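The values are calculated or read from the model by the stated rules, or taken from the named source; none is laboratory data. Only a predicted model underlies this, so the values are computations on that prediction, with no experimental measurement involved. Heads up, the Cβs are rebuilt from the backbone with ideal geometry, glycines too, and the neighbour counts pull from every protein chain shown. Side chains are part of the model used for accessible areas, which takes the heavy atoms of the whole protein and leaves out ligands, DNA and RNA. Shrake-Rupley method; radii C 1.70, N 1.55, O 1.52, S 1.80 Å.
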Amino acid sequence: MITKRIIPCLDIKDGRTVKGVNFLDLRDAGNPVELAYAYSENGADELVFLDISATEEKRKTLADLVKEVAREINIPFTVGGGISSIQDVELLLKNGADKVSINSSAVKNPQLISDLAKTFGSQCVVVAIDAKEINGLWKVHLVGGKLPTELDLFDWANEACNLGAGEILFTSMDNDGTKNGFANDALRQLSETVNVPIIASGGAGKISDFRDAFTIGKADAALAASVFHFGEIKIRDLKKELAQNNIAIRL
Amino acid sequence: MKIAIIDYGAGNVKSVQFALNRLGFEGILSADPAFILNADKVIFPGVGAANAAMKKLRESGLDQIIPILKQPVLGICLGMQLLCNYSEEGNTDGLGIFDVAVKKFPADNKIPQMGWNTIHNLKSPLFDGISENEYVYLVHSFYAEKIENTIATTKYGLDYASALQKDNFFGVQFHPEKSGKTGEKILGNFLKIEL
């Protein structure tokens, strides 16, 4: 049986991990390669690297970083942040990334999704969507959630899948940072709207939040950052408990 | 040991090379028939669409080379599917090593299947030291039906062949290079196979 996936997300700036990490015995917690390796050894099913570097030039370091990560770890990983062309993706995949995640650039230019799917296959195209509930409607936001649009979450997800997205990474801005659980109703609706895997993001605080994202939200994977980075939830404990709740999980 | 990784511009070969490095070996990317024919082991990777990949193989003449290889050959993911007779993906004729059609998963499951799933009914030296129900990483929308040459099965709605073997040809639907320690062991087993 296919298992639900647990995915730590690492924010990268200028080639370094941004958020503090204080649980793993790391010599250099800012080193994404060392952190990625530690997570892969501790039961993560997949990793996401989100590059939040401000400038194009600094982003170039990302390609080198991807190569170093691919050299060290034996689980799949996705790279996102500032990707807007076939050439960007080609370089990252060539260096060993398995998937890329596109967000604002896909909204601005939806054809990018189909171009990437045709060139590299849908399996490596993750469309990330940040959305916020406004008057009962889930509206897509761009530029790291700063720019609201009129786009509806479910319409956009549907269009992205029709264009060739192989996976949707949905971050609820309402839940992000609250540690009060994922946006399970929206997740479930999303999961029933499109027929590609859904990664839940935003709101992880305790183990039962992950359980609910899978059982109520029908998510295929759940992503979190700080609860893992600060050791509030250990991936092994999380997976053990999910398995005890009869959720298919890789132990 | 000379390990050739068939280079036909299809997908993520870096990960395969790195996985071989972690096992202490080097995989050389090559589209040169002479080099591939003389390698001790040949890895046939692939991600992306079947028709585009077959077109590239035909353009480079590698479609004539792969079927005559005598050393152990390992097709990975799309590489395995291209070793089959035919794929529904773009109505593509394959290399015909495995006498089976590759079909699209029915839509009652999410497509692609993406993530970790278990392997069962293991029967090949490829799986020495691997237990039933170990997890491997898969990403695919099309699957090979179970046939006589099936050496592992996986269940995704239906039971399908997640690995095939015929003579010197091995095919795995999963990505051993991305399947943690289990995958590394399977890759290591392949490198140990002597015919």
With a sphere of radius 15 Å drawn around the Cβ of A:V194, what net charge do the other residues whose Cβ falls strictly inside it have (Lys, Arg +1; Asp, Glu -1)? -4
Whenever you get a sec, line up A:D45, A:D130 from highest to lowest accessible area (probe 1.4 Å, protein heavy atoms). A:D130, A:D45
If you place +1 on the Cβ of every Lys and Arg, -1 on the Cβ of every Asp and Glu, and leave all else neutral, what size is the dipole of region A:182-226 about its Cα centre, to the nearest 20 Debye? 80 debye
Report the label-to-label distance for A:Q189 and A:R16 in nanometres (one decimal), using points 7 Å from each Cα along the Cα→Cβ vector. 4.2 nm
Which of the residues in region A:107-129 lose at least 30 Å² of accessible area when you go from the chain alone to all protein chains together (probe 1.4 Å)? A:Q123
Assign unit charges at the C-beta atoms only (+1 for Lys and Arg, -1 for Asp and Glu), then state the dipole size of the protein assembly as shown relative to its Cα centre in Debye, rounded to the nearest 20. 480 debye
In nm, give the distance between the simple-model label positions of B:E59 and B:N109, each being 7 Å from the Cα along the Cα-to-Cβ direction. 3.3 nm
Assuming R0 = 60 Å, what is the FRET efficiency of B:I147 and A:K206, from their Cβ-Cβ distance, to the nearest 0.05? 0.80
Among the residues of region B:134-167, which ones have their accessible area go down by 40 Å² or more when all the protein chains sit together, as opposed to their chain alone (1.4 Å probe)? B:Y135, B:Y137
Exercise: per-residue mean of other protein chain Cβ atoms within 10 Å, B:112-124: 5
Chains A and B, summed buried accessible surface - 1.4 Å probe, Å², nearest 100: 2500 Å²
Given an 8 Å cut-off on Cα distances and at least 6 residues of separation, report the relative contact order of chain A as a percent. 19 percent
Run the quick spin-label model on A:E72 and A:E90: label points 7 Å from Cα toward the beta carbon, then report their separation in nm to one decimal. 2.9 nm
Using all alpha carbons of region A:5-244, what is the percent of pairwise distances in each 10 Å bin, ordered from the shortest bin to the longest? 8, 34, 39, 18, 1
Run the 1.4 Å probe and let me know the accessible area of A:R250, rounded to the nearest 10 Å². 40 Å²
Area projected by the alpha carbon convex hull of chain B, averaged over all directions, nm²: 9.4 nm²
Ellipsoid equivalent to the protein assembly as shown - semi-axes via the Cα gyration tensor, in Å: 35, 23, 22
The size of the Cβ-based charge dipole (Lys, Arg +1; Asp, Glu -1) of region A:136-249 about the Cα centre, to the nearest 20 debye, is 500 debye
Based on the mean of other Cβ atoms within 10 Å per residue, sort peptides A:63-69, A:123-129, B:83-89 so the most packed one is first. A:123-129, B:83-89, A:63-69
So which aspartates and glutamates can B:K2 reach, going by Cα to Cα under 15 Å and dropping same-chain residues fewer than 8 places off? B:E26, B:D32, B:D40, B:E194
